[in-house]
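Asks: Got a structure here, written out as structure tokens. Questions coming.
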Amino acid sequence: MPRASAAGQRRAKGSIERLPSGALRVVVYAGIDPVTKRRHYLREVVQPGPKLDERAEAVRARMVAEVAERRNPRTNVTIDQLLQRYLDQFDGSPNTLTLYRGYVKNHISPLLGSTRVGALDAEMLDSFYAELRRCRLHCTKRRGTVDHRTASVHECDDRCRPHQCRPLGPTTVRHMHFILSGAFKKAVRWRWVAVSPVPQGEPPASPKENPSPPTPAEAARILTAAYRDPDWGTLLWVSMTTGARRGEVCGIRWSAVNLDEGRETIWLRHGIRKDGRGGWEEAALKTHQQRRIALDVETVAALVEHRQRCEQRAAAVGVELPPDAFVFSDSPSGSTFTVPDTVTQRYERLVRRLGIVTTLHKLRHYSATELILAGVDVRTVAGRLGHAGGGTTTLRTYTAWVSEADQRAAAGWSARMPDRALLEQPRSWAGISPQHPYERIAAQLARSVEAGALPAGDPAPTAVELAAEHEVSLATARRAVALAKEWGVLVSDGAGRPRVARLTGAVPSELATESTETHRAGQYWSVVVTGPGGMRCSPRTVKADIEDPDSFRPHLVGIVRAEKPDASDRPESAWIGDYELHLSRPGSVEVTAIFRLG
């Protein structure tokens, strides 16, 4: 029989009802449910035992106080209903929203969806996380369960195998923790619950960051192979030196690229992302924070040449390249962007062919680690990468390299990247990474000629001889001879038999493109620094004025400090006169000038 604490206040103060089992049920009115718009009651059953009436009265008083202080759940909605409203108001990227909806559908709803928001507690959360770490399919451990190759009707074959439990990774479980945390923060703000139970749960610890970028040698191999297609090589070059995300690189427009001397920057304003409908769109950046990235001299040269190629393609079809054209586009007019997934797939094929285990995203790791190792402060690195938090994310991810930053210095990207002027020369491709049989044969011929094993002017091996020597078909051997002629390694003597050409180290004139000639005619120079103890650095391409030797000084200082870190311990004037600059045109071995700055 219901009992009220005072007449006329039954609904306001609550009631106590005796159940057939002898237990007492306490009921307190808590207002109107904001979701269902119905009366909302709090109910709790007190089991029979000593001092039953006193315990029931204490429960009633506690529940009345909770209602007065608004510390009680104001609704009986389920976690499914909460998540639906939370995701309907989600303001993140479409990619993230699609990911979250998948997690809710496959994991949260089956295990917690029917639970009332006010009933979720730390114990339930820990059990939920433990189940996710046990089996991603939430199996019932029954024998005979099969993991079918498809959910549709089919004939089972060897691809349908006995079920084996596979856990979800710690990062995935933590994503679901973040979903519940965000949803319950909304529920607290909407006053559906008094406090969020999610912070009391213990998801798996965050995996220790362990970035594994490609080594400088691997990066050079990747760029060398990519520059078989100069447009593709330029895209990867820009990705490496700027550390931009793939969608940001694909979304760069020429109007955001400033190549004026002294102000060389790329303004990252938009990125390419999925639109949530199966397509792609140009949208705001991931962090909604635009940024300008300063460019080194070689990246500027690469973009200048790329711009010339784009303008030539546009002119060939009778259109003019508009100022806001996409930098990387399959359209001659630059009106369409390159799809990020296409970039990823092409990159994966490239590194798989080279035998390098890496991913496109690790080019960001490469950029960050190279900058940190060069002594760049973490806040600047974070700004270039677009990391939020003023460097917190960058420092947490790349801590292993920060301690080494004080021990190394660098001259910049030009000191760490391969000579880009040589990457566009077909002879460089064959000498570094020949892929096909005919290329390997042609590369061997080139090495033999350059080493003097085949003297200039002597008859070269015929296609028949090459086919027998390398055990390939005659067609492959003929293709190798033709490629060697194209490179200028062999020449025809007019009588049908090829002869060894006289190599000068320069790009064959018939292969020199307009962009390469423009590059040579400008102020770009291939620099080799020599010094005490037989020190000789690899060629670097720099931009300076040969009429003003002092314009080479910063390049010389940077190169020496990169090669000889102990030089920075002494004043620049004390050692700079010990080193020489040997200048030549990019792609040529003929020395144009030698400078000693002192």
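Where a number appears in this text, it was derived from the coordinates with a stated rule and is not lab data. Since this is a predicted model, take the numbers as computed values, not measurements. Reconstructed Cβ throughout: ideal geometry from the backbone, glycine too, with neighbour counts over all protein chains shown.
Asks: So how do Glu305, Glu311, Glu123 line up by other beta-carbon neighbours within 10 Å, fewest first?
Replies: Exposure proxy ranking, most exposed first: Glu123, Glu311, Glu305.
Asks: Among Thr172, Thr358, Thr75, Thr215, what is the fewest-to-most ranking by other Cβ atoms within 10 Å?
Replies: Listed from fewest to most nearby Cβ atoms, that is Thr215, Thr172, Thr358, Thr75.
Asks: Follow-up question, since we're still on this one. Taking neighbour Cβ counts within 10 Å as the exposure measure, how do Ile356, Ile546, Ile79 sort from fewest upward?
Replies: Listed from fewest to most nearby Cβ atoms, that is Ile546, Ile356, Ile79.
Asks: Shifting gears a bit: Can you pull out the trypsin sites (Lys or Arg not before Pro) in segment 149-257 whose DSSP state is coil and whose Cβ has at most 16 other Cβ atoms within 10 Å?
Replies: Filter output for segment 149-257: Arg149, Arg159, Arg191, Lys208, Arg228.
Asks: Still on this structure, please answer the following. Quick check on my link table: of Lys185/Lys362; Lys543/Lys564; Lys105/Lys185; Lys186/Lys274; Lys362/Lys564, which ones sit more than 30 Å apart, alpha carbon to alpha carbon?
Replies: Lys185/Lys362
Asks: Oh, and also: Within segment 168-271, report the GluC sites (Glu not before Pro) that DSSP leaves as loop and that have at most 14 other Cβ atoms within 10 Å.
Replies: Those satisfying the criteria are Glu209, Glu261.
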